[in-house]
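Scroll down for the structure; my scribbles are underneath it.
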Amino acid sequence: MNKHRYVFLDIDGVLNCNDWYNYLYNLKRVSPKEYEKLNTCKYWDAIDPSKVELLNQLTGAEIVISSSWTLDTIAPVLKIAGLKLPILGEIDHKEFGYFWIHRGNSIEKWLVDKHNCNFSDYLFNDDGWRYTEHYFDGNLNDLKETIAGDQVTYVIFDDDCDMSLLQLNHFIHVNNDVGLTSHDIRLAKAILNID
């Protein structure tokens, strides 16, 4: 049995935050030379390296970018900021349009497509809408779903709440004032079954 641990990762409000931008603003005013030393690549200021260091504690997990940032844009910045976890891909939130499908639906669709099965026993049609005639008769709160012989666990880090009720036990709501915290990582380890 293959074990998959996915981290659906939003960027803004999670790996950067109001505290980070206040720090950069003050550093630029007080010590411009120190500020410039941080400028190692385009969009360098979008990622707080201390948040990436926290994320690296999720050993064995794979990152899926779930953000308005594209994979091509943000992946190099994450690597420079010290990300050690592999980046598996990204969620295309534009696939079904911004106004009708929330982020949780896009994550669910990614899991369905990745494992070629009906992840929570409801399906998406070609337009991305759920078929309402499918019903689930199992435990929706189980953190470990057996899918095609694979064991899949996942966690969602986001500062927005546009997730499905079915994902509540997988969702960690990050405070965008402070970004990702060690408490958030402890919750994620419990969900992903990481020591």
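The values are calculated or read from the model by the stated rules, or taken from the named source; none is laboratory data. Here the structure is a predicted model, which is why all the values come from computation and not from measurement. Cβ coordinates were reconstructed from backbone atoms using ideal geometry, including for glycine residues, and neighbour counts include every protein chain displayed.
Observations on the structure shown:
- Among the residues of the stretch 41-57, those that are closer than 14 Å to residue 19 by Cβ and either assigned to a loop (DSSP other than H, G, I, E, B) or β-branched (Val, Ile, Thr) (or both) comprise 47, 48.
- Residue match in the stretch 56-72 (condition: surrounded by fewer than 15 Cβ atoms within 10 Å (Cβ to Cβ), under 21 Å from the mean Cα position of the chain (by Cα) and more than 23 Å from residue 155 (Cβ to Cβ)): yes
- Residues in the stretch 58-99 that are charged (D, E, K, R) and assigned to a helix (DSSP H, G or I) were compared, and the one that is modelled with the lowest pLDDT is 72.
- Filtering the stretch 1-16 to residues that are surrounded by 11 or more Cβ atoms within 10 Å (Cβ to Cβ) and either in contact with a Leu (Cβ under 8 Å, 6 or more places away or on another chain) or over 19 Å from residue 82 (Cβ atoms) (or both) leaves 3, 4, 5, 6, 7, 8, 9, 13, 14, 15.
- Selection status of residue 106, within 18 Å of residue 171 (Cβ to Cβ), of a type in the set (S, T, N, Q), at pLDDT below 95 and not in a loop (DSSP other than H, G, I, E, B): yes
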